[in-house]
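The values are calculated or read from the model by the stated rules, or taken from the named source; none is laboratory data. Everything numeric in this text was worked out from a predicted model, so none of it was measured. Note that we place each Cβ from the backbone using ideal geometry, even for glycine, and neighbour counts take in every protein chain shown. Heads up: the accessible areas ignore ligands, DNA and RNA and are worked out on the full protein's heavy atoms, side chains in. Shrake-Rupley method; radii C 1.70, N 1.55, O 1.52, S 1.80 Å.
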Amino acid sequence: MKKSVNLYLYLNKNNIDSKKKLNSIKKIGYDEFFTGINDKNETLKLKEQIEYAKSIGLSCTMIHCSYKEMELNNFWLDNEEGEKLVENFINQIELCHDYSKNFV
């Protein structure tokens, strides 16, 4: 069975180098990792995370879309805010599709 872990880890609001985290994930014995499309807290952009992980033998199994929890109920409403949220999710899914071409 393959083991997977989330790449996100923040301690005291200090970012840990993305390569260091990926190397640790591999060293500890995980086979896969998952990450989020919102990469502003990472030292590597999303595409770079996936490419680097691939180079060290890790698979990226999932990219989590981002959302603002307070706005999430608008997804179900037939209004302008709901339409914006749907469009945002569609854009993120299209980006995930582009990035997933680099999965191991």
Exercise. Can you pull out the residues in segment 13-50 that are closer than 27 Å to Glu94 by Cα and among the basic types (Lys, Arg)?
Worked result: Lys19, Lys21, Lys40, Lys45, Lys47
For this session: Sort out which residues of segment 4-18 are at pLDDT 80 or above and either within 17 Å of Lys54 (Cβ to Cβ) or not charged (D, E, K, R) (or both), and write them in order of number.
Result: Ser4, Val5, Asn6, Leu7, Ile16, Ser18
Exercise. So which residues in segment 61-83 are exposed (fewer than 12 other Cβ atoms within 10 Å of the Cβ) and in a helix (DSSP H, G or I), if there are any at all?
Worked result: Glu69, Met70, Leu72, Asn73, Trp76, Glu80
Exercise. Does segment 84-104 hold any residues that are in contact with an Asp or Glu (Cβ under 9 Å, 6 or more places away or on another chain), part of a helix (DSSP H, G or I) and of a type in the set (A, V, I, L, M, F, W, C), and which are they?
Worked result: Leu85
Exercise. Can you find even one residue in segment 1-9 that is of a type in the set (Phe, Trp, Tyr), open to solvent by 40 Å² or more (accessible area, probe 1.4 Å) and under 11 Å from the mean Cα position of the chain (by Cα)?
Worked result: yes
Exercise. Is there a residue being open to solvent by 40 Å² or more (accessible area, probe 1.4 Å) and either among the β-branched types (Val, Ile, Thr) or over 18 Å from the mean Cα position of the chain (by Cα) (or both) anywhere in segment 29-42?
Worked result: no
